[in-house]
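Every number here is computed from the coordinates shown, using simple stated rules; none is lab data. Being a predicted model, the structure only gives us computed values, none of them experimental. With ideal geometry, Cβ positions are generated from the backbone for all residues, glycine too; neighbour counts draw on all protein chains shown.
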Amino acid sequence: MPQTEFPLPVELVVKVLTCASDEAVLACRLVSQKLRSIIDRSIILQYRLRLSATGMRDGPAPLVDLTERYEMLKKYEDALSGMAWTTHTLVSTPNSIFPAVFISGAVIAMMSDSDLGDIIFQRIPCNLRGIPTSQWRVRLGFRALNITMDASQDLIVVPEYRHLEYVVVNTQFWY
């Protein structure tokens, strides 16, 4: 006689599936209608599968709960699939005619006209991911010729007139 009720509580099945790989969870959807229903109704499993499908990962200690993160992810996917602009932001550059501007990741670096070698950084906001805009300044103490950076390595390279110097900046607040 076929069993009509699932033999385990739904909460336990979801807990077990959260420990399984994404591929295993997708394979479990094909086992039975009941398992498919459990997986499709679980926000945590749906969130994890959508993150995986978009090539994203969940960050550490999120400030919003799972339901809000899931909704943000759906909005992000919708905007990405439609390639629709969500906001327009104008970034002011220093007063020089040809300011040295460099973009890495979601951070813009601009050299100021200051003789003290100020570099102005501006984080590009992303409403869909809950990332606000912010701006900060680093004073080098010398007038730099140019700037290049790699935000993924926390690296800023600033050539001075006669020799090359580099500055490593902690970017934990960039993203």
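Results, tabulated for the structure shown:
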read-out	value
Listed peptides 151-158, 13-20 by packing density, highest first (mean Cβ within 10 Å)	151-158, 13-20
17 Å Cα-Cα reach of K15 towards lysines, excluding residues that sit fewer than 8 places from it in its own chain	K34
Test item: Cα-centred dipole of the stretch 26-85, Lys/Arg +1 and Asp/Glu -1 on Cβ, debye	300
Neighbourhood net charge (11 Å Cβ-Cβ; Lys/Arg +1, Asp/Glu -1) for G59	+2
